[in-house]
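Undergrad: Below you will find the structure I want to go over with you.
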Amino acid sequence: MKPRLSIFLLFFPGLIISEIFVDVRTQEEFKEESILNTYNIEWQNILDIKQIASQDDEIYVFCRSGNRSEKAKKILEEAGYKQVYNIGGIVDASVFIQDIRYNSEN
């Protein structure tokens, strides 16, 4: 779990986060540009997600254009993950995540 998220949950323990957002780009790409409170697991290592998610969690994957995230989605589905969604490239993902976070606050 990311440190900022851990601290946030410490102060707001009743908050339930049902969505897990995973950027499947390289670490270099993630360092250049990323979305706040998202995980970075490169698509070919996507099964490492078992450290942060169960097979029943809602998992949203994205990359630069949507191609690598589609590969990651297929790998997760083949491994038994039930709610995996490819939300495309980072620009679309940013809008999608912002909308989900805004709607969950209201």
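Undergrad: Would you list which aspartates and glutamates come within 17 Å of Lys82, measuring only between C-alpha atoms, while excluding same-chain residues fewer than 8 positions from it?
TA: By straight Cα distance, Lys82 reaches Glu19, Asp48, Asp56, Asp57, Glu58, Glu70.
Undergrad: Can you put Thr38, Thr26 in order, fewest other beta carbons within 10 Å first?
TA: Fewest-to-most ranking of Thr38, Thr26: Thr26, Thr38.
Undergrad: Grab every C-alpha pair in segment 13-105, bin the distances at 5 angstrom width from 0 up to the longest one, and report whole percents.
TA: For segment 13-105, the binned pair fractions read 3, 15, 28, 26, 18, 9, 2, 0 percent.
Undergrad: Sticking with this structure for a sec: Between Ser34 and Glu78, take the C-beta separation as r, use R0 = 41 Å, and let me know the FRET efficiency to the nearest 0.05.
TA: 0.95
Undergrad: What full-extension length gain, to one decimal in nm, is calculated for Val95 and Asp56 as 0.36 nm per residue of separation minus the Cα-Cα distance?
TA: 11.6 nm
Only the coordinates and a few stated rules stand behind these numbers; no lab work does. Quantities reported herein were computed from a predicted structural model and do not represent experimental measurements. Heads up, the Cβs are rebuilt from the backbone with ideal geometry, glycines too, and the neighbour counts pull from every protein chain shown.
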